[in-house]
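Working notes, structure below.
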Amino acid sequence: MADVAALAGVSSQTVSRVSMDLDNVRPETRRKVLDAMAELGYSTNVAARALRYGSYGTLGVIAHRLARTGESRTVEGVVEAARAEGYTVTLVDVESPSRDDVTAAAARLSHQAIDGLVIIRAETATPDTLALPRRMPVVVSDSRFVGHHPAVGADQLDGARRATQHLLDLGHRTVHHVAGPIDSGPAQMRAEGWRATLEDAGREVPELLRGDWSAGAGYELGRRLAADPEVTAVFCANDETAAGVLRALHEAGRHVPGDVSVVGFDGIPLAEHLWPPLTTVVQDFSGIGRALVDLLLQQVRDGRILDDVHTLVPVELVVRASSGPAPGGSRPGG
């Protein structure tokens, strides 16, 4: 640090502030210090930092299948929230959400100088099977872990209920559902909300069609739905699936929303630019990220025990042109 200070013509305290990414350094001074660090091959000693400040300044994140919208946008939300708190993120993308893979990833991260751990859905792992490092602050984006670790998640059930009820309120006799994969917790909750809403309304519950979150699966299953003239409303487990369903309906000559209404889930930016613009349930991924980081830092900084805490982040139904009244203006029982 003294060598960097001498080369940059600043004090060691200034080098320390730059290495900790603090704001009270002028841009031109920061640039000189960073150039000196690069020239000398300097990097922060994280062990020394932890001894001095009681923190490594890094949070670990375990995720699965980052190509999926929910995972990638939740991780993005965590990174943004961590940055705002002065923390960096070390990410491990596990091959599968199995107990062994998640446990192994947690063990690897625990040896990489992190202050706490965020698990973005353990999926098939359970609180009883997941072995995590002792005394490691942990937060999980999975409500099944309440009572074991603090948990954060979007209100999947409410979102599915809103989507399904919206279509029933438009006069559709029932609502078909293209679901996500069976090993996904959010997919199961969305299917549960859909089914419960139909049952509560005394409506027929059609056969659930199982997809894999992809537009390709939505297209193939959408072709089956398009061939059935009784289908007038479809709730899709995510927006990519809905995009595939829209294409299948278009190719079959089924007008949206004149013949069939379609609703998605997630609220990806592309949804409003599909044709017709997609009605969808919008998740607040930034809010989920902030809540995860907040619960984790309460443990890291304050030593709080939060095992029974469950933060449920609200969702919003955004109505666009892909959903409309049932064909012929029919009403249940009419």
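What nm value, rounded to one decimal, do you get for the distance between Ser286 and Glu76 when each label is placed 7 Å out toward the C-beta?
1.1
Got a sec? Charge dipole of the chain, +1 on Cβ for Lys and Arg, -1 for Asp and Glu; which of Gly57, Ala107, Leu274 is way out at the positive end?
Value: Gly57.
What Kirkwood radius, in Å to one decimal, follows from the Cα pairs of region 128-269?
On the way: mean 1/r = 0.0627 Å⁻¹.
Taking the inverse mean of 1/r over all distinct Cα pairs, region 128-269 comes out at 16.0 Å.
Residues of region 209-235 with the amide nitrogen closer than 18 Å to a label point 7 Å from the Cα of Leu270, along Cα-to-Cβ, please.
211-223
For region 199-329, what relative contact order do you get, as a whole percent, if you take Cα pairs closer than 8 Å and at least 6 residues apart? Present the calculation step by step, with values, prior to reporting the outcome.
Values: 200 pairs, mean separation 31.0, N = 131.
Reported relative contact order: 24 percent.
Where q = 0.13, 0.25, 0.27 Å⁻¹, what log10 of I(q)/I(0) comes from the Debye formula for region 262-334, counting one point per Cα?
For region 262-334, the Cα-only Debye profile gives -0.59, -1.06, -1.13.
What FRET efficiency, computed as 1/(1 + (r/R0)^6) with R0 = 35 Å and r the Cβ-Cβ distance, is obtained for Glu251 and Leu208, rounded to the nearest 0.05?
0.90
Can you list residues from other chains, or at least 5 along the same chain, whose modelled amide H is less than 5 Å from the amide H of Leu317?
For Leu317, whose amide H was placed from the backbone, the distant partners under 5 Å are Val282.
Between Asp23 and His148, take the C-beta separation as r, use R0 = 35 Å, and let me know the FRET efficiency to the nearest 0.05.
Numbers: r = 37 Å, r/R0 = 1.05.
Taking R0 as 35 Å, the efficiency between Asp23 and His148 is 0.40.
Can you give me the long-range amide H partners of Gly211? Hydrogens built in the peptide plane at 1.01 Å from N, cutoff under 5 Å, separation of 5 or more residues or another chain.
Distant-sequence amide H within range of Gly211: Ala179, Gly180.
Which far-off residues, 5 or more places away or on another chain, put their amide H under 5 Å from the one on Arg304, with H placed in the peptide plane?
Gln299
Arg135 to Ala2: FRET efficiency via 1/(1 + (r/R0)^6), r the Cβ-Cβ distance, R0 51 Å, to the nearest 0.05?
Rounded to the nearest 0.05, the efficiency is 0.90.
Please identify the longest segment of the chain free of exposed GluC sites (Glu not before Pro), where exposed means a DSSP state other than H, G, I, E or B and no more than 14 other Cβ atoms within 10 Å. Mind dumping the intermediate values first?
On the way: sites that count: Glu95, Glu204, Glu207, Glu230.
Longest run free of exposed loop sites: 96-203.
Rounding to the nearest 10 and keeping the result within 0 to 90°, find how far the Cα-based axis of helix 185-200 lies from the longest principal axis of the chain.
It works out to around 30 degrees.
What ³J(HN,Hα) values, in whole Hz, does the Karplus curve 6.51 cos²θ - 1.76 cosθ + 1.60 give for region 75-90 when θ = phi - 60°, with x put for Gly and Pro?
Listing the rounded values in order: 4, 4, x, 5, 4, 4, 5, 5, 4, 5, 9, x, 10, 9, 10, 10 Hz.
Tell me the label only: which of (i) 19.9; (ii) 22.0; (iii) 21.3 is Kirkwood radius over Cα pairs in Å as calculated from this structure?
Computed from the coordinates, Kirkwood radius over Cα pairs in Å corresponds to (ii).
Go ahead and estimate [θ] at 222 nm for the chain from helices alone: -39,500 (n - 2.57) per DSSP H run with n ≥ 4, summed, over the residue count, rounded to 500.
Value at 222 nm, helices only, nearest 500: -13000 deg cm²/dmol.
In nanometres, what is the gap between the two model label sites at Arg31 and Glu316, each 7 Å from Cα along Cα-to-Cβ?
3.9
Bear in mind these aren't lab numbers, they're just calculated from the coordinates by the rules spelled out. What you see is a predicted model; the values in this text were computed from it and never measured. Note that we place each Cβ from the backbone using ideal geometry, even for glycine, and neighbour counts take in every protein chain shown.
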